[in-house]
Amino acid sequence: MKTVNANGARIPQLGFGTFRMPENEVLSILPKALQSGFTHADTAQIYENEAAVGEAIQQSGIARENIFLTTKVWVANYAKGAFAASVKESLRKLKTDHVDLLLLHWPNEVVPLEVQIAELNAVRERGLTKHIGVSNFNTALMTEAVRLSSAPLATNQVEYHPFLDQTKVLEATATYGMALTAYYAMAGGKVPNDPLLKEIGEKHGKSAAQVALRWLIQQPDVVALTKTATEARLAENLAVFDFALTADEMMRIHKLARPDGRIVSPDGLAPAWDGAA
Ligand SMILES: NC(=O)c1ccc[n+]([C@@H]2O[C@H](COP(=O)([O-])OP(=O)(O)OC[C@H]3O[C@@H](n4cnc5c(N)ncnc54)[C@H](OP(=O)(O)O)[C@@H]3O)[C@@H](O)[C@H]2O)c1
């Protein structure tokens with residue numbers, strides 16, 4: 001699969017997401033996803049399915065070194081004494097001695113960012129992860145994280161789909177040589193039914209979901225996550241490398257962005273988001 005080079009991390013452009021997937025679902029779909037051609041899997045400590053992800057990777061028969069594996073440290077584990085232990089516990093569950101990418105899941109002010117970034121760098125130096133990054137950071141926090149980190153940050157994983165303008169985060173990731181990893185590509189179910197995405201899809205013989213995924217990965221240094229528990233959708237969501245959107249189609253999709261397009265903004269976790277450009 002095509003990769004994005006994010007400060008040396010070669011991240012496969014499509015990743016298989018496992019949010020809100022109970023362990024039995026992970027065990028039934030993830031081996032098939034990996035066998036179908038996904039080479040990148042995304043989990044998190046808070047998803048409580050890391051053990052199933054590790055098991056599914058083993059069951060898939062695909063060699064661990066051929067899979068780009070990401071997990072995320074939960075905010076309750078950011079303190080100095082807890083961080084590395086939580087990562088070791090994640091690795092035990094994932095049945096591997098390292099992940100490819102380790103992210104801070106959400107910003108959190110209880111533990112100073114300086115400590116969080118130092119812990120992230122320390123586990124990287126111990127070889128527990130190849131690359132490090134952040135998730136749900138606004139551009140001010142990204143700038144601060146980049147300044148504090150001795151190793152380069154590979155990505156900021158954020159909500160991104162046609163209904164949300166992320167120009168400011170994209171400008172920041174470009175400045176820092178990072179990828180933007182897009183989550184919620186289906187926009188909570190809005191994407192598959194959108195008339196414009198359907199119309200553009202008809203011209204290419206593709207679904208609205210495929211058009212949205214293509215729109216994401218056609219942008220420079222954007223990686224898209226996609227989650228499905230439906231076997232038939234694995235092939236559909238992977239089939240986004242055999243067509244291209246025109247510049248006009250890309251622009252028309254960008255124009256779907258709305259000021260209220262953001263869906264994921266949990267109280268107590270979300271930072272002051274950057275507005276539209
Ligand atoms: N860093 C963070 O804070 C954060 C937050 C949210 C998500 N994430 C990551 O990003 C991943 C993706 O986000 P998400 O889980 O919301 O996934 P998503 O891919 O945006 O949406 C998944 C939903 O869309 C449906 N779907 C998938 N493919 C489809 C298709 N081709 N046509 C129509 N419907 C389709 C799925 O249904 P079925 O499953 O029934 O097929 C599911 O209901 C997560 O799994 C997680 O790894 C990270």
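Just so you know, all these numbers are worked out from the coordinates, no wet-lab data involved. Quick caveat, the model's predicted, so the values are computed rather than measured. So basically every Cβ, Gly included, is an ideal-geometry build from the backbone, and we count neighbours across all protein chains shown.
When you work out D = kT/(6 pi eta Rh) for region 7-88 at 37 °C and 0.692 mPa s, using the Kirkwood radius from C-alpha pairs as Rh and the Stokes-Einstein form, the result is 246 µm²/s. Please report the base-10 log of the normalised intensity I(q)/I(0) for region 107-247, using a Debye sum with one equal scatterer per alpha carbon and no solvent, at each q in 0.10, 0.15, 0.19, 0.21 (1/Å). Values returned for q = 0.10, 0.15, 0.19, 0.21 Å⁻¹ are -0.41, -0.80, -1.06, -1.19.
Taking the Cα centre of the chain as origin and assigning +1 to Lys and Arg Cβ atoms and -1 to Asp and Glu Cβ atoms, the resulting dipole is close to 300 debye.
Dividing the convex hull volume of the alpha-carbon atoms in region 193-233 by its residue count gives 78 Å³ per residue. Think of each Lys and Arg Cβ as +1 and each Asp and Glu Cβ as -1; about the Cα centre, that makes the dipole of region 191-277 roughly 100 debye. Full extension of the chain between Lys203 and Ala79 gives 39.5 nm of extra length, using 0.36 nm per residue less the Cα-Cα distance.
Short to long, the 10 Å bins of the Cα pair-distance histogram for the chain hold 7, 31, 37, 21, 4, 0 percent of all pairs. Taking amide H positions as modeled 1.01 Å from N, with prolines and chain starts lacking one, the residues under 5 Å from Ser135 and 5 or more places away or on another chain are Leu104, Gln157. Amide H contacts of Ala179 (H built 1.01 Å from N, in plane; Pro and chain starts excluded): Thr155, Asn156 sit under 5 Å, all sequence-distant by 5 or more or on other chains.
Other residues with beta-carbon under 13 Å from the beta-carbon of Ser28 carry, at +1 per Lys or Arg and -1 per Asp or Glu, a net charge of -3.
Here region 1-146 is treated as a Stokes sphere of Kirkwood radius computed over C-alpha pairs; at 10 °C and 1.306 mPa s its diffusion coefficient rounds to 103 µm²/s. Taking region 212-270 as the region of interest, what is the percent of Cα-Cα pairs per 10 angstrom bin, listed from the shortest bin to the one with the maximum distance? Answer for region 212-270: a P(r) of 17, 39, 35, 9, 0 percent.
Projecting the alpha carbon convex hull of region 84-156 along each direction and taking the average yields 4.5 nm². Region 119-174 and region 225-272 have Cα centres lying 19 Å from one another.
Which FRET efficiency value, to the nearest 0.05, is calculated for Asp267 and Lys32 with the Förster distance at 41 angstrom and r the Cβ-Cβ distance? Before the final figure, lay out the partial values.
Details: r = 36 Å, r/R0 = 0.88.
E(calc), rounded to 0.05, equals 0.70.
Near Ala174: Cβ cut-off under 15 Å, other residues only, Lys/Arg at +1 and Asp/Glu at -1. The net charge is -2.
Between Glu65 and Phe241, 0.36 nm times their residue separation minus their Cα-Cα distance comes to what?
My answer for the length gained is 61.1 nm.
Annotation: amide H-H contacts under 5 Å for Lys130 (H modelled 1.01 Å from N, sequence separation of 5 or more, or interchain): Val99, Asp100, Leu101.
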